[in-house]
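Trainee: This is the structure I have questions about; it appears just below.
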Amino acid sequence: MDHKLDGKTALVTGGSAGIGMGIARCFLEAGGNVMITSRKAEKCEEAAAELEGLAGQVDWRVSHVGEPEQGEQVMEETVDRFGSLDILVNNAATNPHNGKTIDVEASKLDKTYQVNVRGPLLWTQIAWNRWMKERGGCVINIASVGGYSTSRDIGVYCMFKSTLIHMTKQLGAELGPQVRVNCIAPGLIRTDFARVLWEGERGRTIAELLPTKRLGEPEDIGKAALFLAADAPWITGQTIVVDGGEIIRVDPPEA
Ligand SMILES: NC(=O)c1ccc[n+]([C@@H]2O[C@H](COP(=O)([O-])OP(=O)(O)OC[C@H]3O[C@@H](n4cnc5c(N)ncnc54)[C@H](OP(=O)(O)O)[C@@H]3O)[C@@H](O)[C@H]2O)c1
């Protein structure tokens, strides 16, 4: 095993499930230490127990990405626990509004912005001020292929994922050379968040339409994150689409 992250520490928001846990697993297998965070202690504890015994060390803290003071606290504790804060993965997100964008309630719009945009920006700001400005580091944002297109039902979510893709370019430009800022735009990944989209016949139909003929797994995103963290010293401000070919697929002929 090539331990590409030996001695490096990563903080993964939403690391207790789904894509965040897949990223944590890949980082730990590569010899990195990982602090996973999410809102529910029992989820964090279970995920950390499942991730024990890999090459790197894992720990967890409860925190809500919409609350920057909790970011301050968890980053301080990450440095105390592992001695550094080299990689921040802004992965946690929410999608409270399903329906047309024109119909969104102000409270749901604010919530989506608070968690999906304000959170990643302010957590990056804290990581920069607390550690990375002086010692270097790397930030990875998790957007979505939805950030490149319109949507019938999740337009608000897509709008803010598009903002995250732009924020990645802006911060990539501002934070070099100390810090590289990159982003991953996943397609459909088999997690709880997207369960209604992939479970059952619907998922099989979508998979059949993809050039890769299968849906994504959390580790597909984990491997891309590991590449950006460990093997991409001259890449910054970019978004890698990891979608099994969803956005380049050829439409099937009309029936
Ligand atoms: N799955 C897909 O198909 C897909 C596609 C494109 C993009 N994405 C993006 O990938 C990322 C992860 O999604 P996922 O599918 O892995 O979701 P998931 O399986 O629902 O996992 C979400 C994780 O985030 C935590 N979380 C949720 N809200 C949080 C908050 N406010 N503060 C801190 N932690 C929070 C959850 O734990 P707690 O409940 O304990 O907080 C959980 O650990 C998101 O940015 C999502 O937009 C997913």
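Trainee: Restricting the search to segment 59-102, which residues are over 16 Å from the mean Cα position of the chain (by Cα), within 15 Å of LEU11 (Cα to Cα) and of a type in the set (S, T, N, Q)?
Mentor: Matches in segment 59-102: GLN70, GLN73, THR78, SER84.
Trainee: Look at ARG204 and say whether it is within 13 Å of the ligand (Cβ to nearest atom) and over 19 Å from GLY137 (Cβ atoms).
Mentor: Numbers: within 13 Å of the ligand (Cβ to nearest atom): no; over 19 Å from GLY137 (Cβ atoms): yes.
No; evaluated as a whole, the condition is false for this residue.
Trainee: List, please: which pairs have Cβ atoms under 6 Å, are six or more places apart or on different chains, and start with a residue in segment 8-28 that is closer than 14 Å to ARG190 by Cα and end with one that is of a type in the set (D, E, K, R) and more than 6 Å from the ligand (Cβ to nearest atom)?
Mentor: GLY22/GLU219
Trainee: Identify, from the list ALA24, ALA10, the residue that is more than 6 Å from the ligand (Cβ to nearest atom) and part of a strand (DSSP E or B).
Mentor: On the way: ALA24 fails: part of a strand (DSSP E or B).
One residue alone meets the criteria, ALA10.
Trainee: Let me ask something additional. Output yes when any residue across segment 29-41 is within 17 Å of the chain's Cα centre (by Cα), within 16 Å of the ligand (Cβ to nearest atom) and charged (D, E, K, R), and no when none is.
Mentor: Yes, segment 29-41 contains at least one residue that is within 17 Å of the chain's Cα centre (by Cα), within 16 Å of the ligand (Cβ to nearest atom) and charged (D, E, K, R).
Trainee: When residues of segment 47-58 are filtered for being surrounded by 15 or more Cβ atoms within 10 Å (Cβ to Cβ) and more than 17 Å from the chain's Cα centre (by Cα), how many remain?
Mentor: From segment 47-58, those surrounded by 15 or more Cβ atoms within 10 Å (Cβ to Cβ) are 47-48, 51, 54-58; that's our starting set.
Applying the additional criterion that residues be more than 17 Å from the chain's Cα centre (by Cα) yields 48, 51, 54-58.
Result for segment 47-58: 7.
Trainee: Given the criteria part of a helix (DSSP H, G or I), touching a Phe, Trp or Tyr at 6+ places or on another chain (Cβ under 7 Å) and closer than 19 Å to ASN91 by Cβ, does LEU226 qualify?
Mentor: Considered against the rule, which asks whether it is part of a helix (DSSP H, G or I), touching a Phe, Trp or Tyr at 6+ places or on another chain (Cβ under 7 Å) and closer than 19 Å to ASN91 by Cβ, LEU226 comes out as yes.
Trainee: Hey, another quick one. For LEU209, are the conditions met, namely being surrounded by 19 or more Cβ atoms within 10 Å (Cβ to Cβ), away from the ligand (no atom under 12 Å from the Cβ) and not basic (Lys, Arg)?
Mentor: no
Trainee: Counting just the residues of segment 188-201 that are within 9 Å of the ligand (Cβ to nearest atom) and over 12 Å from ARG214 (Cα atoms), which one comes out modelled with the highest pLDDT? So that I can check it myself, show each step before the final result.
Mentor: Of all residues in segment 188-201, those within 9 Å of the ligand (Cβ to nearest atom) come to 188-195, 197-198.
Right, trim to over 12 Å from ARG214 (Cα atoms) and you get 191-195, 197.
Details: THR191: 98, ASP192: 95, PHE193: 94, ALA194: 94, ARG195: 94, LEU197: 91.
Checked segment 188-201; the qualifying residue modelled with the highest pLDDT is THR191.
Trainee: I'm checking my understanding of the structure. Among residues of segment 117-150 that are crowded, with 16+ Cβ neighbours inside 10 Å and outside any helix (DSSP H, G or I), which one is farthest from the chain's Cα centre (by Cα)?
Mentor: For segment 117-150, the residue satisfying everything is GLY137.
Trainee: Just checking, does segment 175-182 include any residue being surrounded by fewer than 17 Cβ atoms within 10 Å (Cβ to Cβ), away from the ligand (no atom under 16 Å from the Cβ) and farther than 21 Å from PHE227 by Cβ?
Mentor: Looking through segment 175-182, none of the residues is surrounded by fewer than 17 Cβ atoms within 10 Å (Cβ to Cβ), away from the ligand (no atom under 16 Å from the Cβ) and farther than 21 Å from PHE227 by Cβ.
Trainee: A further question on this structure: Residues TRP123, TRP131: which one is of a type outside the set (Gly, Ala, Ser) and in contact (Cβ under 8 Å) with a residue 60 or more places away in the chain?
Mentor: TRP123
The values are calculated or read from the model by the stated rules, or taken from the named source; none is laboratory data. If you're wondering where the values come from, they're calculated on a predicted model, not measured in any experiment. Because the Cβ atoms are built from the backbone with ideal geometry, glycine has one as well, and the counts that use them run over all protein chains shown.
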